[in-house]
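Below is one structure, written out as structure tokens, with a few remarks after it.
Every number here is computed from the coordinates shown, using simple stated rules; none is lab data. Treat the numbers as computed from the prediction; the structure is a model and nothing was measured. Methodologically, a virtual Cβ is constructed for each residue, glycine included, from the backbone with ideal geometry; neighbour enumeration extends over all protein chains shown.
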Amino acid sequence: MVVRPERPHQANAMRKRTTLVGHGPSALSSMPFRDLPQFMRKDYRGIHSNLGSCRNSRNRLNRSHMKNLPARWNALAIVLALATMLGCQGLSTGKTASQGTTNPTPGALSAAPSSITFGNVQTGTSQSLSDALSNTGGTSLTITQATVSGAGFSTTGLNLPLTLAPGQNSTFSIVLNPLSAASVSGNLAITYDGSGSPLNIALSGTAVAAGSLTGNPTSFSFGNVMVGANRTLTETLKNSGSENLTISKATFTGADFGYTGLSLPLTLAPNQSTTFGVVFTPSTAGAADGILSLTTNGLSTTLDLALSGMGVSPSQGTLSVNPVNVGNVEVGTHGTQTGTLTATGASVSVFSVSLGGTNASKFSVSGLSFPVTVTPSQPVSFTVTFAPGASGAASATASFASTASNTPSAATLTGTGTTAPVYSVGLSWTASTTSGVTGYKVYRAVNGGSGCGSFSNIGSTPNSVTTYTDSVVLDGTTYCYATTAVDPSGESGYSDVTQVVIPAP
């Protein structure tokens, strides 16, 4: 065997490259290649030559050699095996080398809902709807500005600048407060630091005129009402607006006032009306005042009706009213008759009169200035007027409210409607003595007060008939009549003129 001397520079270079550094026992933490056993140096050279490429995956330490090694050499073999694995496989990072690094998607802004529709909103009121802004991207974004266009639109709850992390959302409100009735539209532009800026949210709605509650009358004067008694007057409420309104509450100032026939809450459609009674029931003698306030949902003001009345102490006297019969009255005309109020026991103050019954609208009472005092020695007269609208008997009841112990005092009113007569004018004349007369013509004119006007022909008869009936006449009119004779040669002049007066209705 020829022994070749080792080249010092080669040994030193190898020693620098193969120094093992590990985390094992201190005895193995640094070991020059020249100190390894012969079989390890051989295996290590094969392993070292294939690190990185790992083309020779069968390089393994010979197990038979390891059996005969001391423990410290077995540990070194394990270190070499681990080094080989790391060189072939690399350190695991949870991702394959082919995956590389993925950049997150930029922030993106969306709205839910993407458009806002308000429907009908009353002028003078406001309505708000919620919307939500969401970041659907992978990085944070910042909203810097919100610009609203369109009359009556605004936002609340959107505090800017606002930063949204990925997946984060923020809610806010969009408000419509219309000033006039019309269809309205607008837009909300959301500006943010992203490529899709601005985000536009379409806005729309319909402004409608609010319901408007009116009353008729707007004030009540109940006059004198005896303490313990009551008087009811009628009120009419109407919705004069273009939207439904709901009357939710009725409140009074003044303890002696109330209402009847009004069930709340009450909804009135546009142009719909309702009636109910306002009642005054004085608890003490003297003047009473109050206000009826009606509250309508959605309106900031109330409908206020002024109320006034006088409570009076009762009298010890009684009041009598005689029945009144107006008699026969021609339909289309009117007739009158006098009635009388009489007091007994003590003087009585009469406050008012009301009419009731089937034909109450055909009668009226006049000639009294309320309040009127009736004394036992001085009766008071009044006038009843009857105006029939059809033929036949009619009746009504007149009730007088007073301080009398028997208030209200009632009287029966009666009358009979008769058919109006139908007038006609019958004419006759003496036959003409002239031979050859073949017939007659009848002429009529209207006398307006200054004589007969122009005559016009209203009919004719043969020579054997010397009578004529005019059935088309007007009541209260004065007519002038004349005739002429007709023969083959022509027509004679007018006969003597006769005037007829048609009675007025």
field: Cα→Cβ-extended label distance, 7 Å offset, between residue 463 and residue 163, nm
entry: 12.9
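Stretched out fully, how many nm does the piece from residue 249 to residue 136 gain, at 0.36 nm a residue minus the Cα gap? Intermediate values should be presented prior to the final figure.
On the way: separation 113, 0.36 × 113 = 40.68 nm, distance 4.99 nm.
Result for the pair: 35.7 nm of gain on full extension.
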message: Translational diffusion coefficient of the stretch 381-505 at 37 °C, 0.692 mPa s, Stokes-Einstein with Kirkwood Rh over Cα pairs, in µm²/s as a whole number.
response: 173
query: Near the amide H of residue 184, under 5 Å away, which other amide H atoms are found, from residues 5 or more places off or on another chain, if H is placed in the peptide plane?
result: 205, 206, 207
field: Difference of contour (0.36 nm per residue) and Cα-Cα distance, residue 437 to residue 285
entry: 45.6 nm
- prompt: In 10 Å bins starting at 0, how do the alpha-carbon pair distances of the stretch 280-415 split up by percent?
  reply: 12, 33, 25, 18, 10, 2, 0
query: Which three extents, in whole angstrom, do the alpha-carbon atoms of the stretch 292-367 cover along their principal axes, largest first?
result: 57, 43, 20
query: Between residue 390 and residue 344, what is the spin-label point distance in nm, taking each point 7 Å from the Cα along the Cα→C-beta axis?
result: 3.9
query: Using a Förster distance of 41 Å, how high is the FRET efficiency between residue 304 and residue 189, based on the Cβ-Cβ distance and rounded to 0.05?
result: 0.35
message: If the reach is capped at under 14 angstrom between alpha carbons, list the aspartates and glutamates near residue 441, excluding any in the same chain fewer than eight residues apart.
response: 470, 487, 491, 496
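Between residue 227 and residue 271, how high is the FRET efficiency from 1/(1 + (r/R0)^6) when r is the Cβ-Cβ distance and R₀ = 45 Å? Nearest 0.05. Write down the numbers at each step before the final one.
On the way: r = 41 Å, r/R0 = 0.91.
Working from the Cβ atoms, E equals 0.65.
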